[in-house]
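Everything on this sheet refers to the single structure shown next.
The values are calculated or read from the model by the stated rules, or taken from the named source; none is laboratory data. Keep in mind the model is a prediction, meaning the values are calculated, not measured. No Cβ is skipped: glycine too gets one built from the backbone with ideal geometry, and neighbour counts run over all protein chains shown.
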């Protein structure tokens, strides 16, 4: 095995080893558990840095895929391995890097909580699952880790299992993700079936490398087949995309993410800001070559992202819980990334994913620090003026806000600009509208983040318990992440600004010859007009927040009264939860009751009849067995004679 | 394959066997069974399987049959009780079963040329021709030992464990109080 | 099936060759006969000890066939197999006789018709 593949396996399995060690040996020893978890993450991060140096280094001669045969059933071979190309190494660097910060932060935040060791074991298990998705070489492996992420996130969201709301949130997250996974399962099956049906067992495969070759094949036979079945393949792609929709919390499967804030704040930072929700975006990036040929697929992706970004940004205005604001902001930013994917700019999406991972983790950890400092108070109406008592948290939070709002030169500006540029020149149906929505979302983002910062850090303190600054174990990661949030933009400063720009895009496409991962990707360009529009929107958003909340020149109450129906709609989160509740209570319940009726009155009758017949025959046959050995011997002998005679006659 | 060892051994084994299963007195059955085993041993010796032949006499006729005699003695069954108990039953069924089985085997064996005389068959000359040197099986202890302790060591050891288990089991079953 | 029906004739022809050459088939037929006699004993007798003896007879029939085939094929596998059969038979006899003694103690009889607890 060459070093790169070895790094891959170390990255993947170090957190799992940590989980196993904690679960088996150190459940009783708090300090040891956290050190094992941090150690596992440190090992993974170290291996990741080494891998990155090789992958992004000058010498680009490396073998990105290492696979072993894992399951072999008939013609179908399912491999297991690690894929160490630019995309996955980039992504795993985010997971391990941000993960490491969050692990350290947790040792401060979780002080005095019950189940400390369980928390770190679950956190390590989650990291393992997430890295599994990132480094996976094929659809089946991805799907397995996809489910593992679901399970470990369930355990972490429901960490406070004595609280009903946390348990419910865990279930909601799991079930909502199951809906997406169901679509994804069918997508994988349909894709594989179509390939087998048209190209035969030999060519069909689950491996990304081999699938990529199929989509780029020059063999006229394959090209013809792929063209003939483009409808089916596009459908399969979109079905796989439903998995990404659920995991990346896109409308209409977004309902789980805000509720998932019931978990401890570092968990929210790790899973619901930096990594887990990015899995969907990552998957689409990984499979971009499957989306690219179909305009309809790209269109659906783009519109889904745009709508999510807009809807979620709206709800963020009416939230009072600081974590909920950040949760809806996450939804909105994920919508941005998906929008970029749909616009054919996966590099921009990955760029925004990277910068967002840093500044959103920073914001979540900052909110965690605020919550911790205010004695577990999450309501922004009971905060205020914290900039004096919590200076480190305040300044790092400000950096995160500036990055999220897209203020130059913070990292968020560059990535958001990349997405808006892609949207402004995109080809999907209704691209100009989507561009407009993107700009509007940029404005809204700046406004609600301004509101959040002003309510939390400025003005007079409105709470009761005396706030205090957090310990170094918490502020340290904040500073690290803040630094990253400032400078992450250099990863992909557009070519128009610097001649060394576009590094990320260049790295993702790589020096490899054709078949590429990202066919038809937009060359990233710097459009001054877009940058100006985006900046103006952001500044105007901040200005609005300032006027409404800081200077109070305009009354927020009269504004709300003026748009009462809209406000109610936002407060009710567009009635999604109510609609789903109605769906479950009426439609699903009816179906379930029908099934129950059929089972009791039809299926059970049939089963009982079979069982009764068998029992009757058994009752008759047992009369033969009267306990006399000689009769048994005779029966056995006749059986043998009959069998031998039958064989003889048969021959 | 000397014909006379076959006919002598065969008639001893078959006759002894028939008398074994038909005697009313169990002691008589045991004695006739010993005669049958001696006949079997003759047959084995006639087939150059000396080791098995000796084993037959030592283990079967010697050890196992003595065990049978001891048990019969232990049971202390009176001849009249035996007569009353052991009235043969289902003779026709037994005969039919045995006959069906024998007929089947005979049909298989004589149905083809494989086992009977003739080319590639079971005659002395044919066996010699087919197996060459290997047919000069002395049945020597050395060859068998080679087979047992090299190729079949594990089954051999398993058999020793089996015997141990049988000893322990027999003791456990017959002891009045453990 | 006609093969089965013709077996008495074939047996007669085999018997007619007394004094002639002895082939493997002779041994196999003899082993079948011994086996059949043992089988007859197992089916018709009630005394457990005698049934056990009949079983030993059946095992011996099988042994004979094994040694005959061993010779027929010119290797020692058959003899090794017989060795193991004898070992198992010894174990079986020891345990079975112990069971008979225990049965005699419990039921006061070695009549197998008295031991019919094992019924369905």
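Observations on the model:
- The residues of region B:1-29 that are facing chain C (nearest Cβ under 7 Å) and either surrounded by 21 or more Cβ atoms within 10 Å (Cβ to Cβ) or in contact (Cβ under 8 Å) with a residue 24 or more places away in the chain (or both), listed by number, are B:1, B:6, B:10, B:13, B:14, B:17, B:20, B:21, B:26, B:29.
- Condition check for residue C:33: within 21 Å of residue B:96 (Cα to Cα), more than 7 Å from every other protein chain (Cβ to nearest Cβ) and either surrounded by 23 or more Cβ atoms within 10 Å (Cβ to Cβ) or modelled with pLDDT of 80 or more (or both): no
- Criterion violated by residue A:118 - all others in (1) in contact (Cβ under 8 Å) with a residue 60 or more places away in the chain; (2) touching a helix residue (DSSP H, G or I) at 6+ places or on another chain (Cβ under 7 Å); (3) more than 23 Å from residue A:243 (Cβ to Cβ); (4) assigned to a helix (DSSP H, G or I) satisfied: (2)
- For residue A:15: the one exception among (1) surrounded by fewer than 18 Cβ atoms within 10 Å (Cβ to Cβ); (2) within 15 Å of residue A:131 (Cα to Cα): (1)
- Each residue in region A:197-215 was checked for being free of Cβ contacts under 8 Å to residues at least 40 places away in the same chain, touching a strand residue (DSSP E or B) at 6+ places or on another chain (Cβ under 9 Å) and either surrounded by fewer than 17 Cβ atoms within 10 Å (Cβ to Cβ) or part of a helix (DSSP H, G or I) (or both), and 1 pass.
- Selection status of residue C:43, modelled with pLDDT of 90 or more, within 7 Å of chain B (Cβ to nearest Cβ), under 14 Å from the mean Cα position of the chain (by Cα) and within 30 Å of residue A:648 (Cβ to Cβ): no
- Scanning region C:71-91 for residues that are buried (at least 19 other Cβ atoms within 10 Å of the Cβ), farther than 20 Å from residue B:64 by Cα and facing chain B (nearest Cβ under 7 Å) yields a total of 3.
- Qualifying position, being in the same structural domain as residue B:31 (by TED's automatic domain parsing) and either at pLDDT below 85 or within 20 Å of the chain's Cα centre (by Cα) (or both), among B:101, B:68: B:68
- Scanning region A:12-33 for residues that are farther than 30 Å from residue A:67 by Cβ and in a helix (DSSP H, G or I) turns up A:25, A:30, A:31, A:32, A:33.
- Options C:48, C:102, C:98, C:65; residue that is crowded, with 18+ Cβ neighbours inside 10 Å and at the interface with chain B (Cβ under 7 Å from one of its Cβ atoms): C:98
- The residue of region C:110-120 that is surrounded by the most Cβ atoms within 10 Å (Cβ to Cβ), among those that are at pLDDT below 80 and not in a helix (DSSP H, G or I), is C:115.
- Looking at B:83, B:128, just one residue is more than 7 Å from chain C (Cβ to nearest Cβ), in a helix (DSSP H, G or I), in contact with a helix residue (DSSP H, G or I) (Cβ under 6 Å, 6 or more places away or on another chain) and modelled with pLDDT under 75, and that residue is B:128.
- Of all residues making up region A:596-641, the number that are closer than 24 Å to residue C:36 by Cα and either outside any helix (DSSP H, G or I) or more than 12 Å from chain C (Cβ to nearest Cβ) (or both): 4
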